[in-house]
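Read the structure below first, then the notes.
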Amino acid sequence: MVLVADWVRLLIVCVVFVVAAGAVVRFTGLTAVAPFFTASARAVLQLAAVSVVITFVLTHLGLTWAFLVVMAAVATATSARRTETGRKGVWVALAILVGTVPALGLLLGIGLLPVRGIALIPVGGILIGGAMTATTLSARRALDTFRDRHGEYEAARALGFGERAAVGLIVRQPAAEALIPALDQTRTVGLVTLPGAFVGMLLGGAPVWQAGALQIVVLLALLAVEAAAVATVVELVARGLIRRGSQGSEVRLT
């Protein structure tokens, strides 16, 4: 009976948050309401599905690696859609993985991260998710800037700059703005935010020092991964590997 009451309270709180988000964007004219309900429904279904399979996945190392591959594939598809780059969006996979794979390899190689699903999936998910966000934001900013400041690009070309140098000159600084959230999170950890890895370990009964040590490693790894992602995006845009076709760059939240 108590369990049923807990689920009812959980449902009520979730509905209130979703409706509140939809009401805010609707009445302030920020964007359409539908994406918030769609995202919320997907989150419920996806977490329910993961809850069903995660115990089995965590006990089989091969399935753990396969799960990480699925994470990376979904991150690539999401970022490619957000950047509206069509088939060229496949290149965002390079930006997402260029820092994530070495970071995981280093953590595993020196023994800070055990080769077990219970450790690999959460940490891998954090790094892949951070790289995805940085890739999406930096690519959008770079491509928007390239469109809006195309005259400056043509002027640089007229002055003798090569294609890669001319594009990089224009998009590098705007793309770097994607690192601001990661930098702020790192600067304010413990003062403003208590990230998930830290809180999760505390709730699981780990010593405070151990939770803090893991969290700082994850945060610094995330900073390196996102920096590598943004730098790779700039290079890919400069080389013409990530570009938009005929699509516009208006914000789409669906």
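A Cβ distance below 8 Å, combined with a sequence gap of six or more or placement on separate chains, defines the contacts here; from the stretch 33-48, residues that are over 15 Å from G22 (Cβ atoms) reach no residue that is in a helix (DSSP H, G or I) and open to solvent by less than 50 Å² (accessible area, probe 1.4 Å). Would you call F56 under 30 Å from R141 (Cα atoms) and either open to solvent by 50 Å² or more (accessible area, probe 1.4 Å) or among the acidic types (D, E) (or both)? So F56 does not fit the description; no.
Of L113, L68, L108, L61, all but one fail to be more than 30 Å from R141 (Cα to Cα) and in contact with a Gly (Cβ under 7 Å, 6 or more places away or on another chain); the exception is L61.
Of L202, L143, L253, all but one fail to be out of contact with any Cys (no Cβ under 6 Å at 6 or more places or on another chain) and either open to solvent by 80 Å² or more (accessible area, probe 1.4 Å) or modelled with pLDDT of 70 or more (or both); the exception is L143. The sole residue among V50, V90 that is of a type in the set (A, V, I, L, M, F, W, C), assigned by the TED database to the domain that holds A178 and surrounded by fewer than 20 Cβ atoms within 10 Å (Cβ to Cβ) is V90. Considering the conditions (1) of a type outside the set (F, W, Y); (2) buried (at least 19 other Cβ atoms within 10 Å of the Cβ); (3) part of a helix (DSSP H, G or I), P102 is excluded by exactly one of them, (2). If you check L108, L113, L120, L97 for being modelled with pLDDT of 95 or more and either touching a Leu at 6+ places or on another chain (Cβ under 6 Å) or of a type in the set (A, V, I, L, M, F, W, C) (or both), only one passes: L97. Listed conditions (1) closer than 19 Å to P174 by Cα; (2) open to solvent by less than 60 Å² (accessible area, probe 1.4 Å) are all met by L137, apart from (2).
Restricting attention to the stretch 157-193, the residues being free of Cβ contacts under 8 Å to residues at least 40 places away in the same chain and either charged (D, E, K, R) or not assigned by the TED database to the domain that holds V225 (or both) number 3.
Looking at the structure I just gave you, is V70 in a helix (DSSP H, G or I) and either open to solvent by 80 Å² or more (accessible area, probe 1.4 Å) or on the phi < 0 side of the Ramachandran plot (or both)? So V70 fits the description; yes.
Residues checked against (1) over 30 Å from I242 (Cα atoms); (2) at pLDDT 85 or above; (3) out of contact with any helix residue (DSSP H, G or I) (no Cβ under 9 Å at 6 or more places or on another chain); (4) in a helix (DSSP H, G or I):
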{"site": "W7", "(1), (2), (3), (4)": "yes, no, yes, yes"}
{"site": "F17", "(1), (2), (3), (4)": "yes, yes, no, yes"}
{"site": "A43", "(1), (2), (3), (4)": "no, yes, yes, yes"}
{"site": "A66", "(1), (2), (3), (4)": "no, yes, no, yes"}
{"site": "R81", "(1), (2), (3), (4)": "no, yes, no, yes"}
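On inspection, V115 qualifies as in a loop (DSSP other than H, G, I, E, B), open to solvent by 70 Å² or more (accessible area, probe 1.4 Å) and free of Cβ contacts under 8 Å to residues at least 60 places away in the same chain.
The values are calculated or read from the model by the stated rules, or taken from the named source; none is laboratory data. Computed from a predicted model, the values in this text were never measured in an experiment. We place every Cβ from the backbone using ideal geometry, glycine too, and count neighbours over all the protein chains shown. Heavy atoms of the whole protein, side chains included, go into the accessibility calculation; ligands, DNA and RNA do not. Shrake-Rupley method; radii C 1.70, N 1.55, O 1.52, S 1.80 Å.
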